[in-house]
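Below is one structure, written out as structure tokens; the observations come after it.
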């Protein structure tokens, strides 16, 4: 299993399907908005706006998930040196999100 | 905001991202000037949109590279410890450093990178014997400059994150230093890996592309929490960027390295000139939309 699905293939699949589903969400949101002729800007609570925002949130999450996947794969391969390196990257990103809240 | 504006944003993003993905460069470098100069988008919104556009550009472009085994994953994750720290430092510093200094710094970096890329390209076009004499001087100057930058960046790295891993990744000299400008990752990283680590351009391109997503996500998380990411602007830009990135990645596998370098250098010079002109308040083209 692991030989067929190397880390490269796993990451490629995650990034490919992740970006496409995020894009599909954004595209769907804006297509609905354009068809409905009422743009999301005028009514932020509309469904199209919510779908597009979900897509954007997914875009931000995607690289974080990528690091998480690398972390898990390295742990499973018992490569603890690189597991700790990916863990550190993950911790830095999360620290930024949680401690970077107050606006400059 | 009209529907045509969304279509315009989309079209600009496809073009910028195809170019960016082809060069392994973050497309934000084109998107921020275009959005602020022609689209009259507020600068923070433009930066937020560009950060978002960078992520699918990186992820969309990374998949083909990964399948072709061009990406060095382990190198990428080691370097990311520094790039994420750099990105967060940048988010903090961007609020402190005055905007004109950011423009100047960015223009200088663009020129330096262009010169560096061009020197490498010209060297390869000349015969191996003449190149050493003709470009030895330039190369020496560069090596000296890089060494100074490395010292500055290293000291910052050690202050911000005095870990053993980071010292292990000391090759990332310049990254935290210039991270105040959010959309420069590719411009710095490719020449960095190309000249300092002597990786083939395609490998450094692919690895850089792979890393940019995580680096951008570190800043994007903060921007998203602060509410600087506007769906109406970031959405079409991100959507267009993915299409462009995949187009660019396909082209990169066909086009030879040296031609790519020349194109890369030319674009960097044009952007640098534009940044300098903006710094001095000169607007050659006043667009309206």
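The values are calculated or read from the model by the stated rules, or taken from the named source; none is laboratory data. Worth saying up front: this structure is predicted, and the values here are computed from it rather than measured. Methodologically, a virtual Cβ is constructed for each residue, glycine included, from the backbone with ideal geometry; neighbour enumeration extends over all protein chains shown.
At a glance:
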read-out: From A:45, A:91, residue being more than 9 Å from every other protein chain (Cβ to nearest Cβ), surrounded by fewer than 20 Cβ atoms within 10 Å (Cβ to Cβ) and at pLDDT 90 or above; value: A:91
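Every residue, every condition in (1) under 29 Å from residue A:67 (Cα atoms); (2) in a helix (DSSP H, G or I); (3) more than 7 Å from chain A (Cβ to nearest Cβ); (4) modelled with pLDDT of 85 or more, yes or no:
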residue	(1), (2), (3), (4)
B:75	yes, yes, yes, yes
B:89	yes, yes, yes, no
B:93	yes, yes, yes, no
B:100	no, yes, yes, no
B:104	no, yes, yes, no
B:107	no, yes, yes, no
B:110	no, yes, yes, no
